[in-house]
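Student: Encoded as structure tokens, here's the structure I'll be asking about.
The values are calculated or read from the model by the stated rules, or taken from the named source; none is laboratory data. These numbers were taken from a predicted model, which means no experiment stands behind them. Positions of Cβ are generated from backbone atoms using ideal geometry, with glycine treated the same way; all protein chains shown enter the neighbour counts. For the accessible areas, the whole protein counts, side chains as well, though only heavy atoms, and no ligand, DNA or RNA atoms are used. Shrake-Rupley method; radii C 1.70, N 1.55, O 1.52, S 1.80 Å.
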Amino acid sequence: MDYHFSDGLRDLSPSAIREILKYASGSDIISFAAGNPSPEAFPVDVVADISDKILRDRPIDALQYSITEGYAPLRANVEKRMKEVYGVGGDGDAVLITAGAQQVMSLMTKTLCNPGDVIIAEDPSFIGSLNMFRSLNTKLVGVPMEADGMDMNALEAALNKYDNVRFIYTIPNFQNPTGVTMSMAKREKLYALAKAHGVMILEDNPYGDLRFAGEDLPAIKTMDKDGIVTYAGSFSKVLSPGLRVGYAIGPAAVIAKMTVAKQGEDVHTNIWAQMISDEFMAGDFDAHLAYLRELYRGKAELMMALIEKELVPAGIQYYPVEGGLFVWCKLPEGANMKEFCTRAVKEKKVAVVPGNAFTVDEHAESDSIRLNYSTPTDEQMIEGMARLGDLAREMFGA
């Protein structure tokens, strides 16, 4: 049969990361390609106890249909914590519990965008969001990343050029894939530009709680006196990605429409998973976050030390990171990035993600790679980076 695929999906390619993970599944492969939390990060015993208690004491609450907006105690706890700890959310805002933070991006796009409308995104950016935006037939416009976040001159130029920009998508803390954190000055400038042009901001913050160095910066949403920022949060990196629990905090009118859109997608987020997240938040959540920060501090410091030892002498540059899960490395000028990635996995049995997996223009070239330090063990990191160092010296000299 000749299948007729939708315009949004017909030309959409599988995620390059998912394709690389197929190679990385072999037992002889050391993978720096994943985006997963560390296996050491999961509070398995606590989650098992909470789940047992829920299914013993309130099984019908966990197994029955519920409301689309989300489990009421969880919504209340999210709203309270975000206001009191982070200053996020005001009287004109509402909370929606979603199936992971990526659903916030989907619902926001369905709520605000018609086919052909423009979404401005950091370039490079998270492939999951980019592919979702593409699948809904929006026009993606990329703004280059700098060491302290999005290039504000390029952003202003894009806002002046296009008259149908619906929102600006940003990951201001430990951005995926670059690991960069947006400076305070750029956060303020971004908000001012969006306000001046009547454009919304979608602030995606899955890694903010994983800062292990430097000073916390306030969310862009804390500046929102005009109802132009929707904040996307997630339990994926701080509790479990498998539970698929995220949340949106945004202007009540926008959240109401996003709720209608969600009813057409999945009725509501898994209630059992929401109840687990709520009970976990009610426990010693801050102690768990402190444990995660120390865990990732050690892993990141080891990864950066190995980059300095194995890759920098061969001309590879990188952005030092203060949180999150990734390090972004730039190969020497004129280097063949695709050849480097291919030889790494086939010859050296080390998987990395090619930078062009994250470009706003799917056909753009990239001279960079993304390395993940959360999933490999220390021993794997040491061995894997030594292998990458051997390859770098073979290809680039030093």
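Student: Among the residues of region 315-343, write down those that are open to solvent by 30 Å² or more (accessible area, probe 1.4 Å), in a loop (DSSP other than H, G, I, E, B) and on the phi < 0 side of the Ramachandran plot. Spell out the reasoning first.
Tutor: Restricting attention to region 315-343, the residues satisfying the condition of being open to solvent by 30 Å² or more (accessible area, probe 1.4 Å) are 315, 317-320, 322, 330, 333-334, 336, 338-339, 342-343.
Pick out the ones that are also in a loop (DSSP other than H, G, I, E, B) and you get 315, 319-320, 322, 333-334, 336.
Selection gives 319, 320, 322, 333, 336.
Student: Of the conditions (1) open to solvent by 70 Å² or more (accessible area, probe 1.4 Å); (2) closer than 30 Å to residue 320 by Cβ; (3) of a type outside the set (Gly, Ala, Ser), residue 307 satisfies every one except a single condition; which number is it?
Tutor: Condition (1) is where residue 307 drops out.
Student: Taking region 171-193 as the region of interest, how many residues are among the hydrophobic types (A, V, I, L, M, F, W, C), in contact (Cβ under 8 Å) with a residue 40 or more places away in the chain and within 14 Å of residue 222 (Cα to Cα)?
Tutor: Total meeting the criteria: 1.
Student: Is it the case, given these coordinates, that residue 153 is in a loop (DSSP other than H, G, I, E, B), open to solvent by 40 Å² or more (accessible area, probe 1.4 Å), of a type outside the set (Gly, Ala, Ser) and free of Cβ contacts under 8 Å to residues at least 24 places away in the same chain?
Tutor: Criteria not met by residue 153.
Student: How many of the residues in region 139-172 are small (Gly, Ala, Ser) and within 16 Å of residue 127 (Cα to Cα)?
Tutor: The qualifying residues number 1.
Student: Same structure again: Among the residues of region 256-278, which ones are among the hydrophobic types (A, V, I, L, M, F, W, C) and open to solvent by 10 Å² or more (accessible area, probe 1.4 Å)?
Tutor: 256, 260, 261, 267, 272
Student: Also, quick follow-up: Mind listing whichever residues of region 75-134 are under 17 Å from residue 259 (Cβ atoms) and assigned to a strand (DSSP E or B)?
Tutor: Passing the criteria: 93, 94, 95, 96, 97, 98.
Student: Can you tell me how many residues within region 215-238 are more than 17 Å from the chain's Cα centre (by Cα) and part of a loop (DSSP other than H, G, I, E, B)?
Tutor: 9
Student: Let me ask something else. Within the bounds of region 135-147, is there any residue that is closer than 19 Å to residue 228 by Cα and surrounded by fewer than 23 Cβ atoms within 10 Å (Cβ to Cβ)?
Tutor: no
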